[in-house]
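Since every read-out is calculated from the coordinates, none of them should be taken as a lab result. Values in this document were obtained by computation on a predicted structure and should not be read as measured data. FYI the Cβ positions are ideal-geometry reconstructions off the backbone, even for glycines, and counts take in every protein chain you see.
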Amino acid sequence: MKKLIMIISFVSLIFAETNATKETNTTKVKQSVDKNSSKTLTKEEILKEQLKKQMEREEKYAKEQKFYQGKEYNLKDKEVDAKTLKDVPAIEPDYDFDITDVYRDDQ
């Protein structure tokens, strides 16, 4: 008897959730239809709108390319003089590293 009641409550819960999602989906569809019906666009208007969006994308792309190519930037004053590099000491790598110290358990 308890199992039957649990099964019925579970099934009713599932149906309630699906009905709630269906209702929200239908209201969203109705809202979008209302928006579209109040503003019907002709093919020319749609074409102009798409053309405008594409032109904005092209301008953005051109601006990014100018940045990445660096043609507008004068970096001559940021260059390092090769004569000053002679004073910088060379750091030699430590070649006597022992990996066994890393895996020791007695620490």
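Tabulated data
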item: Every residue from segment 47-88 that is under 23 Å from the mean Cα position of the chain (by Cα) and aliphatic (A, V, I, L, M); result: Met55, Ala62
item: Cross-chain or 6+ apart pairs with Cβ under 8 Å, segment 74-95 first and touching a residue at least 24 places away in the same chain (Cβ under 8 Å) and surrounded by 10 or more Cβ atoms within 10 Å (Cβ to Cβ), then not in a helix (DSSP H, G or I) and not aromatic (Phe, Trp, Tyr); result: none
